[in-house]
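Have a look at the structure below, then the notes.
The values are calculated or read from the model by the stated rules, or taken from the named source; none is laboratory data. The structure presented is a predicted model; accordingly, all values stated were derived computationally and were not measured. Neighbour counts are summed over all protein chains in view; Cβ atoms, including those assigned to glycine, are modelled from backbone coordinates with ideal geometry. In case anyone asks, the SASA skips ligands and DNA or RNA and just uses the protein heavy atoms, side chains included. Shrake-Rupley method; radii C 1.70, N 1.55, O 1.52, S 1.80 Å.
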Amino acid sequence: MERYYQKEIETADYEQILAWQNERLVKQVRHVWDNVPYYRAKMEEKGLTPEDIRSVDDLHKLPFLSKDDLRDAYPYGLLAKPLKDCVRIQSTSGTTGRRVVAFYTQHDIDLWEDCCARAIVAAGGTEEDVCHVCYGYGLFTGGPGLNGGSHKVGCLTLPMSSGNTERQLQFMIDLEATILCCTPSYAAYLAESIHERGLRDQIKLKAGIFGAEAWSEEMRRDIQDKLGIKAYDIYGLTETSGPGVSFECSEQTGMHINEDHFIAEIIDPDTGEVLPEGSKGELVFTAITKEAFPLLRYRTRDICVLSRKKCSCGRTHIKMSKPMGRSDDMLIIKGVNVFPSQIETVLMERGYPANYQIVVDRINNSDTLDVMVEMPPESATNNAETIAAMEKKLVSSLKAMLGIYAQVHLVEPKSITRSEGKAVRVIDKRKI
């Protein structure tokens, strides 16, 4: 029998969902107008006042927000509550190194954890379960979000964070973990480690909640087979709270968006025109219950499809497909947002020409990042030892910018292929 964390909300009829959205949108627009001068100026530019937004039908009139706005308004420009009311930040990397910082009141955290609790219950979680969370903790939203959701459900929560595979396996076996929460690539790595050590019969896992990076149906089947579990997708962005914006149910045919908190639109990424249900386009979210950092019409840059087709799980909230790509150049590597512009910023600051190539691959279920960089002409005659030292400095600078390790390879000037005078910046070899 299907279980729900908040049944009356998750199975509400469309008229009820729409009523919540209409009421909360009107209230949120007024909140943002009164408290966020940056966004009020964007509305005034379009000749809008809060009175112009009377229901979801008027949503299309509002201006979009993008990562550029978050960068321009950093750190406090989009904050809608006094700092004394805020209890936490979470953060992710921005396009050129200026980080995206999202603020939370205690109420925001409670609602976010409710969303994550819905995802855990949809994956079969109950107070009898042991929830093993090995998403990263700290500024990254994965660990804190699923940790809080697990508490709300009443699971015994193992706040493992990422890495240290030996310790992960020890706790997984000794405490008989039943639900695994991590990135899909780390789940695949854990599955391999379990098989290599012959521990498969000691593992009690029944479900996994995997997100923060793209993964294919083939990868899902492989993880399910190797761990003997059902693998569920989860989606979110730091900007809109974190994981739990949407989540998969037992049907595994897309992720239910928590529509009592987020209004989803699909737009044409080039024109900004709102597209009808079933169209493929860019996903846009409006957060209608967030107090501290309520983004309206935030462009996620994720390409997907929305569907209201009836779901066998009984949940009525609209479903989004797995993201099918991006309308910008962001890469997600080991669950971390990486922009070519960040790498370019580091190279230019260190005196290198902007001739580089990023090669992303997935080896043994783990993402790899290699950066080929053309040397300045004056460095081309340096000896191997000097070049190695230069590479080492760049590795360190990129780690500071990106938060993840990149292997740097300095190559001869003009050796990176140009096509029509422009280098192919990114080669992504991952099968996802």
Check your understanding: Scanning segment 32-68 for residues that are among the acidic types (Asp, Glu) and modelled with pLDDT of 95 or more, which turns out least open to solvent (accessible area, probe 1.4 Å)?
Key -> ASP58
Point to revise | Which numbered condition ASN337 misses (of (1) surrounded by fewer than 18 Cβ atoms within 10 Å (Cβ to Cβ); (2) out of contact with any Cys (no Cβ under 8 Å at 6 or more places or on another chain); (3) farther than 26 Å from VAL29 by Cα) | key: (1)
Study note, to complete from the structure: Of (1) in contact with a Lys or Arg (Cβ under 8 Å, 6 or more places away or on another chain); (2) of a type in the set (Asp, Glu); (3) without any contact (Cβ under 8 Å) to a residue 12 or more places away in the chain, ASP329 satisfies every one except (3)
Practice item. State which residue pairs qualify: first residue modelled with pLDDT of 95 or more and among the β-branched types (Val, Ile, Thr) and inside segment 216-230, second residue open to solvent by 70 Å² or more (accessible area, probe 1.4 Å) and not in a helix (DSSP H, G or I) in any location, beta carbons under 9 Å apart, and separation of 6 or more residues or different chains. Key: ILE229/LYS206
Check your understanding: Of all residues in segment 128-158, which are more than 16 Å from PRO243 (Cα to Cα) and open to solvent by 70 Å² or more (accessible area, probe 1.4 Å)?
Key -> GLU128, LEU156
Practice item. Would you mind finding the one in GLY148, GLY143, GLY138 that is within 21 Å of GLY335 (Cα to Cα), without any contact (Cβ under 8 Å) to a residue 60 or more places away in the chain and either touching a helix residue (DSSP H, G or I) at 6+ places or on another chain (Cβ under 6 Å) or charged (D, E, K, R) (or both)? Key: GLY148
Review point. What tally of residues in segment 178-215 results from selecting those that are assigned to a helix (DSSP H, G or I) and in contact (Cβ under 8 Å) with a residue 24 or more places away in the chain?
Key: 14
Practice item. Please identify the pairs in which a residue from segment 10-24 that is modelled with pLDDT of 95 or more and outside any helix (DSSP H, G or I) has its Cβ atom under 9 Å from the Cβ atom of a residue that is of a type in the set (Phe, Trp, Tyr) and open to solvent by less than 70 Å² (accessible area, probe 1.4 Å), counting only partners at least 6 apart or on another chain. Key: THR11/TYR4; ALA12/TRP20
Exercise for review: Output the number of the condition that ILE173 fails; it satisfies all remaining conditions of (1) in a helix (DSSP H, G or I); (2) within 19 Å of the chain's Cα centre (by Cα).
Suggested key: (2)
Point to revise | Complete set of residues in segment 292-308 that are within 18 Å of the chain's Cα centre (by Cα), open to solvent by 30 Å² or more (accessible area, probe 1.4 Å) and not aliphatic (A, V, I, L, M) | key: ARG299, ARG301
Point to revise | Single residue of segment 216-261 satisfying the filter (in a loop (DSSP other than H, G, I, E, B) and out of contact with any strand residue (DSSP E or B) (no Cβ under 8 Å at 6 or more places or on another chain)) that is nearest to ARG362 (Cα to Cα) | key: SER216
Practice item. Among the residues of segment 318-334, write down those that are open to solvent by less than 20 Å² (accessible area, probe 1.4 Å) and either in contact with a helix residue (DSSP H, G or I) (Cβ under 7 Å, 6 or more places away or on another chain) or in a strand (DSSP E or B) (or both). Key: LYS319, MET320, LEU331, ILE333
Point to revise | First in segment 46-69 and closer than 23 Å to THR238 by Cα, second anywhere and modelled with pLDDT of 95 or more and of a type in the set (Ser, Thr, Tyr), Cβ under 8 Å, 6 or more apart | key: LEU59/THR286; LEU62/THR286; PRO63/TYR39; PHE64/TYR298; LEU65/TYR39; LEU65/TYR298; SER66/TYR298; ASP69/TYR38
Exercise for review: Scan segment 287-324 for residues that are farther than 22 Å from GLN16 by Cα and out of contact with any strand residue (DSSP E or B) (no Cβ under 8 Å at 6 or more places or on another chain) and jot them down.
Suggested key: none
Check your understanding: Taking ALA19 and the conditions (1) among the small types (Gly, Ala, Ser); (2) open to solvent by 40 Å² or more (accessible area, probe 1.4 Å); (3) farther than 21 Å from ASP260 by Cβ, which numbered condition does it fall short on, given that it satisfies the others?
Key -> (3)
Study note, to complete from the structure: Per the list (1) modelled with pLDDT of 95 or more; (2) assigned to a loop (DSSP other than H, G, I, E, B), residue check on ILE266 breaks on (2)
